[in-house]
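A short write-up of the structure that comes next.
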Amino acid sequence: MTGFGKSVLQLPTKKITVEVKSLNSKNLDINARIPSQYREKEIAMRNEIANVLERGKVDFGLYVEITGEENSTQINQAIVKDYIKQLEAIEQTETVELLKMAVRMPDALKTVRAEIDEEEFKAVANTLATALTEIDNYRLDEGKVLENDFTLRVNNIENLLDQVIEMDPDRIAGVRERLEKAVSDLKESVDQNRFEQELIYYLEKFDITEEKVRLSNHLNYFKETLSSSDSNGKKLGFISQEMGREINTIGSKANYAPMQQLVVQMKDELEKIKEQLLNVL
């Protein structure tokens, strides 16, 4: 969700610059810095930003630089004249000197609030739209890079899952062999049928067939969602959580060092996915 957009509007008497910057955030948080005369249009501009960016910590700045004959500060003539009259009563001095003192007095200058011209605001709104298009394109470019990285990580997990599936028969055979050896070391005769029943029950506790199928389905669903044109960052986050549950369950049931090593590698790939998902809408 990171990005930056900037657009400049040149008017006859002023230059208006619009800048929009976004950083990662679970929700939309807009911080606006705009001149006071544009405050009445702030809600409209915030809504436009929200419609385009949806999520992220957004800094929005609108900067106005006067380039022509436009001055919102005026001399309050009545007050200045009154100051001069009072100063003359105190001390007879040249009028120029009295004027210098008078304009430094409180309320000698007044700021006239400029009304926003609707045509001007339309031009500002178009400038904001241009900046938002620029930041949106920035995000799309970043998204392509992230998509390639996600695809790589998911494919890595799929390859590791294939290795888990391939070694699973050897794992079960090894577990069965260890149990049979443990019983034989007791040097006691056992009921073979009862032993087989207990062995099957024990091996079922280590069975990871369901976890393998669910993880494979989650990986496919992740790729399908990734290719969707809709905003799907939160959805991908939920899917990655489900992937994590299946990987953790496989690890807890493995009881087999080579398989647990593969699980560690899958967890590493998944953590990289989760870190990058913070950048996705």
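The values are calculated or read from the model by the stated rules, or taken from the named source; none is laboratory data. Keep in mind that this is a model prediction, so the values were computed, not measured. Don't worry about glycine lacking a Cβ; one is built from the backbone with ideal geometry, like all the others, and counts go over all protein chains shown.
Okay, residues lined up against (1) of a type in the set (Asp, Glu); (2) in a helix (DSSP H, G or I); (3) at pLDDT 85 or above; (4) more than 30 Å from VAL52 (Cα to Cα):
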site: ARG171; (1), (2), (3), (4): no, yes, no, yes
site: LEU179; (1), (2), (3), (4): no, yes, no, yes
site: VAL190; (1), (2), (3), (4): no, no, no, yes
site: ARG194; (1), (2), (3), (4): no, yes, no, yes
site: GLN197; (1), (2), (3), (4): no, yes, no, yes
site: GLU204; (1), (2), (3), (4): yes, yes, no, yes
site: GLU224; (1), (2), (3), (4): yes, yes, yes, no
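Going by the structure shown, is VAL175 outside the structural domain of THR17 (by TED's automatic domain parsing), at pLDDT 90 or above and part of a helix (DSSP H, G or I)? Walk me through how you get there before you give the answer.
Values: outside the structural domain of THR17 (by TED's automatic domain parsing): yes; at pLDDT 90 or above: no; part of a helix (DSSP H, G or I): yes.
Spelling it out, it is not the case that VAL175 is outside the structural domain of THR17 (by TED's automatic domain parsing), at pLDDT 90 or above and part of a helix (DSSP H, G or I).
Here is a list: VAL103, VAL124. Which entry is surrounded by 14 or more Cβ atoms within 10 Å (Cβ to Cβ), at pLDDT 85 or above and out of contact with any Phe, Trp or Tyr (no Cβ under 6 Å at 6 or more places or on another chain)? Step through it out loud before you land on a result.
Working: VAL103 fails: at pLDDT 85 or above.
So the residue among VAL103, VAL124 that is surrounded by 14 or more Cβ atoms within 10 Å (Cβ to Cβ), at pLDDT 85 or above and out of contact with any Phe, Trp or Tyr (no Cβ under 6 Å at 6 or more places or on another chain) is VAL124.
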inquiry  = List the residue pairs whose Cβ atoms are under 7 Å apart, where the first residue sits in the range 35-47 and is on the phi < 0 side of the Ramachandran plot, the second is in a helix (DSSP H, G or I), and the two are 6 or more positions apart or on different chains.
reply    = LYS41/PHE121; MET45/LEU128
key: Filter result (under 14 Å from THR17 (Cβ atoms) and among the hydroxyl-bearing types (Ser, Thr, Tyr)) within the range 121-144   = THR127, THR130
ask   = Got a number for residues in the range 5-63 being aromatic (Phe, Trp, Tyr) and crowded, with 16+ Cβ neighbours inside 10 Å?
value = 2
